[in-house]
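Just below is one structure, and these are the notes that go with it.
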Amino acid sequence: MTRYEWGPAAVTYPDWQGTAQIDEKLTGDVDMYSLAGIDRDEWTIIGLEFGGGESGWHELHLIAVPHGTNLDADHIEATDLLIHDVNPVDFLRQVLHSADFRFRSQGMAGKTITVTALGDVPEQD
């Protein structure tokens, strides 16, 4: 049986580190469950995971618990569901209302960054 602690994203050489947030779309006919083919009466999705590299995007993984699991517990035992035949970027595009990704270079980790000027590349009139 495979057992591991699901934690933050990690790469071999973390040149850029940061955070991401997604506002899930709550309207329309498509949601995470229907796109992934997961029965919402059986599972509750509690995490999303995917990555990529020079050769393209890796598979989409949804971290889920059986429906009715106590989500207030300090320790949650979950299942990593590998979602086949789904492009992770297309999946996100269909389920998000908005997203924000912010990464800083490794040397800037832990520092306060104050933006004091704005610019355009190329310059605009």
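The values are calculated or read from the model by the stated rules, or taken from the named source; none is laboratory data. Since we're looking at a predicted model, the values are computed, not measured. Ideal geometry is used to build each Cβ from the backbone, glycine not excepted, and the neighbour counts take in all protein chains shown. Accessible surface areas use protein heavy atoms only, side chains included; no ligands, DNA or RNA. Shrake-Rupley method; radii C 1.70, N 1.55, O 1.52, S 1.80 Å.
Sum -39500 (n - 2.57) across every DSSP H segment of at least 4 residues in the chain, then divide by the residue count to get the 222 nm mean residue ellipticity, nearest 500. Walk me through the numbers before you get to the answer.
On the way: 2 runs with 13 residues, N = 125.
Using -39500 (n - 2.57) per qualifying helix, the result is -2500 deg cm²/dmol.
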Exercise. Can you check how the C-alpha radius of gyration of the chain compares to 2.2 N^0.38 Å, as a plain ratio?
Key: 1.31
Quiz item: What base-10 log of the normalised intensity I(q)/I(0) is obtained for the range 20-85 from the Debye formula, alpha carbons as equal point scatterers, at q = 0.14, 0.15, 0.23 Å⁻¹?
Solution: -0.50, -0.57, -1.14
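What's the local net charge at H75, with K and R +1, D and E -1, over the other residues with C-beta under 15 Å away?
Details: positive: R3; negative: E5, D72, D74, E77.
Summing Lys and Arg as +1 and Asp and Glu as -1 gives -3.
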Quiz item: Taking a point 7 angstrom from the Cα of H97 along the C-beta vector, which residues in the range 17-43 have backbone N less than 19 Å away?
Solution: 20-35
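Scan the chain and report its longest stretch carrying no GluC sites (Glu not before Pro) that are both in a DSSP loop and have at most 10 other Cβ atoms within 10 Å. Kindly include the intermediate steps, with their values, before the conclusion.
Details: sites that count: E5, E54, E77, E123.
Here the longest run is 6-53.
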Practice problem: Write down the accessible area per residue of the chain in Å², having rolled a 1.4 Å probe over the full set of protein chains. | Solution: 83 Å²
